[in-house]
Amino acid sequence: MSYRENALIIKTSCLAEGIYEMWLKTDKMAGEAVPGQFISVYSNDGSRLLPRPISLCEIDRENGRLRIVYRVTGEATGTEEFSHYQAGDAIELLGPLGNGFPLERAKGKRVFLIGGGIGIPPMVQLAKELDDKAVAIMGYRNADTFLDRELSEHATLYVATEDGSLGTKGNVIDCIRENDLKADVLFACGPTPMLRALKAYAKEAGIECWISMEERMACGIGACLACVCKSTEVDEHSQVKNKRVCKEGPVFLADD
(Lines give C-alpha, C1' and ligand atoms only; values in the text may rest on other atoms or scores of the structure.)
Protein backbone atom coordinates (compact mmCIF):
# COMPACT_ATOMS: atom_id res chain seq x y z
CA MET A 1 0.00 0.00 0.00
CA SER A 2 1.25 3.50 -0.80
CA TYR A 3 0.70 6.74 1.08
CA ARG A 4 0.94 10.44 0.31
CA GLU A 5 2.36 12.40 3.19
CA ASN A 6 4.48 15.36 4.17
CA ALA A 7 7.82 14.13 5.45
CA LEU A 8 10.32 15.98 7.58
CA ILE A 9 13.88 16.15 6.28
CA ILE A 10 16.25 14.91 8.99
CA LYS A 11 19.56 15.23 7.16
CA THR A 12 20.98 16.20 3.76
CA SER A 13 24.53 16.08 2.44
CA CYS A 14 26.63 15.76 -0.70
CA LEU A 15 28.24 12.30 -1.06
CA ALA A 16 30.20 12.84 -4.29
CA GLU A 17 30.20 15.22 -7.22
CA GLY A 18 26.55 15.70 -8.15
CA ILE A 19 25.37 12.95 -5.74
CA TYR A 20 23.25 13.91 -2.73
CA GLU A 21 21.52 12.10 0.12
CA MET A 22 18.40 12.88 2.11
CA TRP A 23 17.12 11.19 5.27
CA LEU A 24 13.34 11.53 5.67
CA LYS A 25 11.06 10.98 8.65
CA THR A 26 7.85 9.28 7.53
CA ASP A 27 4.81 8.08 9.46
CA LYS A 28 3.92 4.98 7.46
CA MET A 29 6.14 4.43 4.43
CA ALA A 30 9.22 3.14 6.21
CA GLY A 31 7.20 0.45 7.98
CA GLU A 32 6.04 -1.11 4.72
CA ALA A 33 8.85 -0.41 2.25
CA VAL A 34 11.06 -3.19 0.88
CA PRO A 35 14.40 -3.11 -0.99
CA GLY A 36 13.99 -2.17 -4.64
CA GLN A 37 10.95 0.07 -4.22
CA PHE A 38 10.95 3.82 -4.84
CA ILE A 39 9.14 6.98 -3.78
CA SER A 40 7.85 9.94 -5.77
CA VAL A 41 9.22 13.21 -4.39
CA TYR A 42 7.24 16.39 -5.09
CA SER A 43 8.81 19.78 -5.65
CA ASN A 44 7.85 22.71 -3.45
CA ASP A 45 7.92 24.81 -6.63
CA GLY A 46 4.34 24.98 -7.93
CA SER A 47 5.53 25.19 -11.53
CA ARG A 48 6.83 21.61 -11.34
CA LEU A 49 3.71 19.47 -11.33
CA LEU A 50 5.25 16.02 -11.71
CA PRO A 51 7.16 14.31 -8.90
CA ARG A 52 10.65 12.83 -9.27
CA PRO A 53 10.91 9.05 -8.76
CA ILE A 54 13.86 8.18 -6.51
CA SER A 55 14.83 4.70 -5.34
CA LEU A 56 15.10 3.81 -1.68
CA CYS A 57 18.66 3.49 -0.43
CA GLU A 58 18.01 2.58 3.21
CA ILE A 59 14.89 1.72 5.21
CA ASP A 60 14.93 2.33 8.97
CA ARG A 61 11.66 0.66 9.95
CA GLU A 62 12.24 0.94 13.70
CA ASN A 63 12.59 4.73 13.63
CA GLY A 64 10.30 5.43 10.65
CA ARG A 65 13.00 6.84 8.37
CA LEU A 66 13.93 6.51 4.71
CA ARG A 67 17.20 7.40 3.00
CA ILE A 68 17.31 8.41 -0.64
CA VAL A 69 20.42 9.08 -2.72
CA TYR A 70 20.01 10.87 -6.04
CA ARG A 71 21.96 12.59 -8.81
CA VAL A 72 21.37 16.26 -9.66
CA THR A 73 20.52 16.16 -13.35
CA GLY A 74 21.08 19.83 -14.23
CA GLU A 75 20.42 23.42 -13.26
CA ALA A 76 16.86 24.58 -12.51
CA THR A 77 15.63 20.97 -12.18
CA GLY A 78 13.69 19.23 -9.45
CA THR A 79 16.73 17.33 -8.22
CA GLU A 80 18.78 20.55 -8.17
CA GLU A 81 16.05 22.08 -6.01
CA PHE A 82 16.15 19.09 -3.64
CA SER A 83 19.91 19.51 -3.18
CA HIS A 84 19.32 22.90 -1.50
CA TYR A 85 16.87 21.59 1.09
CA GLN A 86 18.00 21.51 4.71
CA ALA A 87 17.19 19.55 7.84
CA GLY A 88 13.86 20.72 9.22
CA ASP A 89 12.30 21.40 5.80
CA ALA A 90 9.13 19.55 4.79
CA ILE A 91 8.70 17.69 1.52
CA GLU A 92 5.74 15.82 0.03
CA LEU A 93 6.15 12.14 -0.86
CA LEU A 94 4.13 9.33 -2.41
CA GLY A 95 5.17 5.79 -1.68
CA PRO A 96 6.39 3.17 -1.28
CA LEU A 97 5.87 2.38 -4.97
CA GLY A 98 6.60 -0.51 -7.28
CA ASN A 99 7.77 -4.04 -6.58
CA GLY A 100 11.02 -4.80 -4.81
CA PHE A 101 13.65 -7.50 -5.23
CA PRO A 102 12.48 -11.06 -4.40
CA LEU A 103 14.69 -11.78 -1.39
CA GLU A 104 13.19 -15.26 -1.07
CA ARG A 105 15.03 -16.20 -4.30
CA ALA A 106 18.34 -15.58 -2.50
CA LYS A 107 17.74 -17.97 0.38
CA GLY A 108 20.58 -20.44 0.68
CA LYS A 109 22.20 -19.26 -2.56
CA ARG A 110 25.27 -17.28 -3.65
CA VAL A 111 24.14 -13.77 -4.55
CA PHE A 112 25.55 -10.96 -6.68
CA LEU A 113 24.42 -7.42 -5.94
CA ILE A 114 25.41 -5.28 -8.93
CA GLY A 115 24.97 -1.53 -9.19
CA GLY A 116 26.11 1.04 -11.69
CA GLY A 117 26.05 4.82 -11.20
CA ILE A 118 22.83 5.97 -9.60
CA GLY A 119 21.70 2.32 -9.63
CA ILE A 120 24.03 1.76 -6.66
CA PRO A 121 21.78 3.16 -3.87
CA PRO A 122 19.12 0.37 -3.92
CA MET A 123 21.89 -2.16 -3.31
CA VAL A 124 22.57 -0.79 0.19
CA GLN A 125 19.30 -1.95 1.76
CA LEU A 126 19.56 -5.23 -0.13
CA ALA A 127 23.03 -5.79 1.33
CA LYS A 128 21.77 -4.97 4.83
CA GLU A 129 18.92 -7.48 4.62
CA LEU A 130 21.12 -10.22 3.17
CA ASP A 131 23.81 -9.31 5.78
CA ASP A 132 27.17 -10.71 4.68
CA LYS A 133 25.59 -13.31 2.40
CA ALA A 134 26.21 -11.44 -0.87
CA VAL A 135 29.02 -10.24 -3.10
CA ALA A 136 28.53 -6.62 -4.19
CA ILE A 137 30.08 -5.43 -7.47
CA MET A 138 29.73 -1.68 -8.01
CA GLY A 139 30.59 0.29 -11.12
CA TYR A 140 31.76 3.92 -10.91
CA ARG A 141 33.18 6.40 -13.39
CA ASN A 142 36.28 7.00 -11.27
CA ALA A 143 37.60 6.91 -7.71
CA ASP A 144 35.00 9.50 -6.59
CA THR A 145 32.87 6.73 -5.11
CA PHE A 146 29.81 6.85 -2.85
CA LEU A 147 28.05 4.34 -0.57
CA ASP A 148 31.03 1.96 -0.76
CA ARG A 149 31.52 2.14 3.02
CA GLU A 150 27.93 1.07 3.73
CA LEU A 151 28.10 -1.72 1.17
CA SER A 152 31.37 -3.07 2.54
CA GLU A 153 29.82 -3.31 6.02
CA HIS A 154 27.19 -5.80 4.84
CA ALA A 155 28.67 -7.52 1.77
CA THR A 156 31.97 -8.50 0.19
CA LEU A 157 32.63 -5.48 -2.02
CA TYR A 158 34.38 -5.27 -5.37
CA VAL A 159 34.70 -2.07 -7.40
CA ALA A 160 35.12 -1.37 -11.10
CA THR A 161 35.93 2.08 -12.50
CA GLU A 162 35.84 3.24 -16.10
CA ASP A 163 39.23 4.95 -15.86
CA GLY A 164 40.91 2.27 -13.74
CA SER A 165 41.58 4.66 -10.86
CA LEU A 166 40.13 2.18 -8.34
CA GLY A 167 39.57 -1.57 -8.48
CA THR A 168 39.13 -3.22 -11.86
CA LYS A 169 39.50 -1.05 -14.93
CA GLY A 170 36.35 -1.54 -16.97
CA ASN A 171 32.79 -2.51 -16.13
CA VAL A 172 31.15 -4.78 -13.57
CA ILE A 173 31.38 -7.85 -15.81
CA ASP A 174 35.12 -7.24 -16.23
CA CYS A 175 35.32 -7.16 -12.42
CA ILE A 176 33.44 -10.45 -12.07
CA ARG A 177 35.72 -12.18 -14.54
CA GLU A 178 38.93 -10.67 -13.22
CA ASN A 179 38.16 -11.90 -9.71
CA ASP A 180 36.61 -15.22 -10.84
CA LEU A 181 33.42 -14.53 -8.87
CA LYS A 182 30.52 -16.99 -8.87
CA ALA A 183 26.83 -16.70 -7.96
CA ASP A 184 23.46 -18.42 -8.36
CA VAL A 185 21.26 -15.30 -8.27
CA LEU A 186 21.94 -11.79 -9.50
CA PHE A 187 20.17 -8.59 -8.41
CA ALA A 188 21.10 -5.49 -10.42
CA CYS A 189 20.21 -1.84 -10.93
CA GLY A 190 21.82 0.66 -13.28
CA PRO A 191 21.81 2.07 -16.80
CA THR A 192 20.12 0.06 -19.56
CA PRO A 193 23.34 -0.95 -21.41
CA MET A 194 24.68 -2.44 -18.18
CA LEU A 195 21.46 -4.34 -17.52
CA ARG A 196 21.37 -5.63 -21.09
CA ALA A 197 24.94 -6.90 -20.75
CA LEU A 198 24.18 -8.52 -17.39
CA LYS A 199 21.15 -10.29 -18.84
CA ALA A 200 23.35 -11.82 -21.55
CA TYR A 201 26.10 -12.69 -19.05
CA ALA A 202 23.62 -14.32 -16.64
CA LYS A 203 22.05 -16.40 -19.41
CA GLU A 204 25.47 -17.62 -20.51
CA ALA A 205 26.50 -18.41 -16.91
CA GLY A 206 23.18 -20.01 -15.91
CA ILE A 207 22.44 -17.37 -13.25
CA GLU A 208 18.93 -16.27 -12.28
CA CYS A 209 18.89 -12.54 -13.05
CA TRP A 210 16.63 -9.84 -11.59
CA ILE A 211 17.01 -6.28 -12.85
CA SER A 212 15.62 -2.95 -11.68
CA MET A 213 14.74 -0.81 -14.68
CA GLU A 214 15.34 2.93 -14.91
CA GLU A 215 12.73 4.90 -16.89
CA ARG A 216 11.32 8.41 -16.94
CA MET A 217 8.02 8.45 -15.05
CA ALA A 218 5.05 10.79 -14.73
CA CYS A 219 2.36 9.46 -12.38
CA GLY A 220 4.40 6.68 -10.73
CA ILE A 221 1.27 4.57 -10.09
CA GLY A 222 0.67 2.90 -13.46
CA ALA A 223 -2.07 5.15 -14.83
CA CYS A 224 -0.31 7.20 -17.52
CA LEU A 225 1.74 4.50 -19.37
CA ALA A 226 4.70 6.89 -19.67
CA CYS A 227 7.25 4.38 -18.38
CA VAL A 228 6.46 1.20 -20.32
CA CYS A 229 9.19 -1.21 -21.42
CA LYS A 230 8.96 -4.10 -23.85
CA SER A 231 8.12 -7.51 -22.43
CA THR A 232 7.96 -11.07 -23.71
CA GLU A 233 4.35 -11.58 -22.64
CA VAL A 234 1.17 -9.58 -23.23
CA ASP A 235 0.38 -7.21 -20.38
CA GLU A 236 -3.09 -7.64 -18.85
CA HIS A 237 -3.49 -3.87 -18.52
CA SER A 238 -2.48 -2.66 -22.00
CA GLN A 239 -3.04 -5.92 -23.95
CA VAL A 240 0.28 -5.50 -25.74
CA LYS A 241 3.82 -6.69 -25.00
CA ASN A 242 4.58 -3.90 -22.57
CA LYS A 243 5.14 -3.64 -18.84
CA ARG A 244 4.78 -0.52 -16.70
CA VAL A 245 8.08 0.02 -14.90
CA CYS A 246 6.40 1.87 -12.04
CA LYS A 247 3.67 -0.72 -11.49
CA GLU A 248 4.83 -4.18 -12.63
CA GLY A 249 8.44 -3.17 -11.93
CA PRO A 250 10.80 -1.59 -11.38
CA VAL A 251 12.21 -5.06 -10.63
CA PHE A 252 11.75 -7.69 -13.33
CA LEU A 253 13.07 -11.15 -14.05
CA ALA A 254 15.48 -10.37 -16.89
CA ASP A 255 13.99 -13.08 -19.13
CA ASP A 256 10.63 -11.31 -18.95
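The values are calculated or read from the model by the stated rules, or taken from the named source; none is laboratory data. Here the structure is a predicted model, which is why all the values come from computation and not from measurement. Every residue, glycine as well, gets a Cβ built from its backbone with ideal geometry; the counts of neighbours run over all protein chains shown. Calculation scope for accessible area: heavy atoms of the full protein, side chains included, ligands and nucleic acids excluded. Shrake-Rupley method; radii C 1.70, N 1.55, O 1.52, S 1.80 Å.
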For region 78-170, what does the alpha-carbon gyration tensor say about shape, rounded, prolate or oblate, given a ≥ b ≥ c as the root eigenvalues, a/c under 1.5 as rounded, and a/b over b/c as prolate? oblate
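Report the local net charge at K199: Lys and Arg +1, Asp and Glu -1, summed over other residues whose C-beta lies under 12 Å from its C-beta.
Values: positive: R196, K203; negative: E204, E208, D255, D256.
Once positives and negatives cancel, what remains is -2.
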Of all trypsin sites (Lys or Arg not before Pro) in region 176-256, which ones are in loop regions per DSSP and have a Cβ with at most 14 other Cβ atoms within 10 Å? K182, R216, K241
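Leaving ligands, DNA and RNA out of it, report the carbon-plus-sulfur percent of the accessible area of the chain at a 1.4 Å probe. Present the calculation step by step, with values, prior to reporting the outcome.
On the way: 5760 of 12190 Å².
Answer for the chain is 47 percent, counting heavy atoms of protein chains only.
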Around A143, what is the net charge, scoring Lys/Arg as +1 and Asp/Glu as -1 over all other residues with Cβ under 13 Å from its Cβ? -3
Just need the relative contact order of region 9-154 here, percent rounded to a whole number, with Cα pairs under 8 Å and 6+ apart. 25 percent
How large is the charge dipole for the chain, taken about the Cα centre, if only the Cβ atoms of Lys, Arg (+1) and Asp, Glu (-1) carry charge, to the nearest 20 debye? 440 debye
Zero-based 10 Å bins, Cα pair distances in region 1-53, whole percents: 19, 48, 31, 1
I'd like the GluC sites (Glu not before Pro) in region 130-214 restricted to DSSP loop residues with at most 12 other Cβ atoms within 10 Å, sorted by number. E162
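So with the 1.4 Å probe, I'd like the accessible area per residue for the chain, rounded to whole Å².
On the way: 12190 Å² over 256 residues.
Solvent-accessible surface per residue comes out at 48 Å².
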Is it possible to state the helix-based mean residue ellipticity at 222 nm for the chain, with each DSSP H run of 4+ residues giving -39500 (n - 2.57), the sum divided by total residues, to the nearest 500 deg cm²/dmol? What is it? -4500 deg cm²/dmol
The farthest towards the positive end of the charge dipole of the chain, of the residues Y140, G46, A226, given +1 on Cβ of Lys and Arg and -1 on Cβ of Asp and Glu, is A226
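So in the chain, what percent of DSSP beta bridges are antiparallel if you round to the nearest 5?
On the way: 37 of 62 bridges.
Antiparallel bridges: around 60 percent, rounded to the nearest 5.
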How would you rank 7-17, 104-114, highest first, on the average number of other Cβ atoms within 10 Å across their residues? 104-114, 7-17
Run the reach check for K243 against lysines, Cα to Cα strictly under 30 Å, same-chain hits fewer than 8 apart removed. What comes back? K28, K107, K109, K128, K199, K203, K230
Solitary cysteines of the chain, where the nearest other Cys Cβ is not under 4.7 Å: C14, C57, C175, C189, C209, C227, C229, C246
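Please get the size of the charge dipole for region 1-152, origin at its Cα centre, with Cβ charges of +1 on Lys and Arg and -1 on Asp and Glu, quoted in debye to the nearest 20. Write out the running numbers ahead of the final one.
Values: 18 positive and 21 negative charges, 115 e Å.
Using only the charged Cβ atoms, the result is roughly 560 debye.
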Under a Cβ-Cβ cut-off of 15 Å, what is the net charge of the residues other than I59 that fall near it, where Lys and Arg count +1 and Asp and Glu count -1? -3
